[in-house]
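Below you'll find the structure, written out as structure tokens, and then a few comments.
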Amino acid sequence: MAKRQLLFLRSVIVFTFTAFGGAQAHISLLLRYFVKNTQYITEEELLELNALAQVLPGPASTQTLVGIAYKVGGLKLAIISFLIWILPSAAIMTLAAISYGFLDQKQQFVEILKYIHPIALGIVAYGAFNLAKKVLTTELSVFLAFSAVVATLVLRNAYVFPMAILIGGMVSSAIGTPSEETQIRVRLLSNINPRKLTYFIGFMVFMALLGAIINRTSPFSLPIRLFENFYRNGIFVFGGGQVLVPLMFTEFVQSKHYLLQSDFISGYALQQVLPGPTFSFTSYLGALSMKHGHYGVTGQALGGVLAVLGINLPGLILVLFIVPFWDDLKKIGRIKHSLSGINAVSVGFIIAAFMLLVKPVGFNALPISILIGTFFVLNFTKISPPIIVLVGIVLGYFI
């Protein structure tokens with residue numbers, strides 16, 4: 001493997017273990033690690049990949065990272081980066097579900113990481129500020145971002161995210177009045193294989209039918225049904241982790257009763273203090289769901305693997321399917337002009353997320369000071385987020 005690709009994987013490892021704060025904070029870290037510090041891709045390319053990830057269902061941070069890796073080193077580097085990114089947090093969440101007694105010590109663990117929440121908010125603020133400077137350059141983009149903030153705060157509905165992204169892209173595309181590029185469209189159509197799309201949807205239908213007809217007493221029944229559940233949700237989840245969690249709660253707690261509400265909330269609280277993708281929370285759900293079938297430790301570990309693979313596969317397949325001809329795709333006027341609207345709406349989502357996340361902090365002077373301090377350190381110094389996170393952990397341990 002080339003030296004540049006090995007250095008890239010080192011950056012992926014650093015990103016994986018410092019990516020606190022969810023998808024809203026991840027974009028600022030991607031900007032720092034893969035654009036400003038190393039220049040693997042340009043800032044424009046990162047924003048375009050992020051816009052693409054916002055349009056597609058699935059985990060936006062994961063898809064953006066995989067897209068970057070594909071541009072740097074192709075399919076092999078993309079797969080390796082994907083595994084490095086998801087495995088640590090997924091393994092921890094699976095182990096937490098297997099040895100559920102670990103969660104009895106969760107309060108002590110959270111106490112040590114009590115300063116991570118305001119630090120993560122500072123990272124979110126930094127990401128929102130920097131993206132807003134780059135994206136909100138016209139009256140239309142400001143209007144779309146403001147509308148996304150209002151819609152998110154008022155409606156509080158999972159469908160807000162895909163609808164707002166769609167509307168934002170359509171509005172900016174329509175106002176851009178692009179020309180037609182027939183030759184590019186012909187080349188794109190020649191690259192798209194309808195058979196692959198049929199396989200993509202057909203696999204989900206096959207798993208659903210198999211789970212329905214197989215005998216419920218069979219040891220294979222629950223693993224098959226679990227994989228189908230997560231794969232299906234991976235296809236239809238737009239908006240990232242903030243949409244995933246209510247969907248998972250409805251299906252696994254309220255509908256199928258695989259978990260108790262207290263189990264679900266405890267696992268989600270643990271996931272919030274871990275770096276990495278929010279979608280790794282599903283490995284906890286899969287492992288704990290297998291507990292009811294008396295499959296033992298091996299079965300629960302399998303449940304964790306099936307869950308994290310099932311929820312991530314649709315998004316991974318889609319982004320790897322589109323990225324190879326993304327350079328052609330974005331040249332089509334209507335798509336190219338829609339990206340500015342999509343990015344503006346994404347900035348609105350980040351601002352709204354920051355407002356929702358900062359609300360529990362209230363007017364508590366200490367976390368507010370940490371939040372502001374984190375923002376200023378990132379904005380005016382070259383100190384990296386990992387150092388700030390480590391300082392926060394040390395302070396939480398000793399104070």
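The values are calculated or read from the model by the stated rules, or taken from the named source; none is laboratory data. Please read these numbers as outputs of a predicted model, since none were measured by experiment. As a convention, Cβ positions derive from the backbone with ideal geometry for all residues, glycine included, and neighbour counts pool all protein chains shown. Areas reflect the complete protein model, heavy atoms only, side chains present, ligands, DNA and RNA absent. Shrake-Rupley method; radii C 1.70, N 1.55, O 1.52, S 1.80 Å.
Per-residue answers, yes or no, for (1) more than 20 Å from the chain's Cα centre (by Cα); (2) open to solvent by 50 Å² or more (accessible area, probe 1.4 Å); (3) modelled with pLDDT under 85:
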{"site": "LEU285", "(1), (2), (3)": "no, no, no"}
{"site": "MET290", "(1), (2), (3)": "yes, no, no"}
{"site": "GLY296", "(1), (2), (3)": "yes, no, yes"}
{"site": "ALA301", "(1), (2), (3)": "yes, no, no"}
{"site": "VAL308", "(1), (2), (3)": "no, no, no"}
{"site": "PRO324", "(1), (2), (3)": "yes, yes, yes"}
{"site": "LEU329", "(1), (2), (3)": "yes, no, yes"}
{"site": "SER340", "(1), (2), (3)": "yes, yes, yes"}
{"site": "GLY348", "(1), (2), (3)": "no, no, yes"}
| Only one of these conditions is not met by GLN107: (1) closer than 21 Å to VAL389 by Cβ; (2) modelled with pLDDT of 90 or more; (3) open to solvent by 20 Å² or more (accessible area, probe 1.4 Å); (4) not small (Gly, Ala, Ser). Which number is it? | (2)
| query | Which of the residues spanning region 350-399 are open to solvent by 50 Å² or more (accessible area, probe 1.4 Å), outside any helix (DSSP H, G or I) and not hydrophobic (A, V, I, L, M, F, W, C)? | reply | ASN364, THR381, LYS382
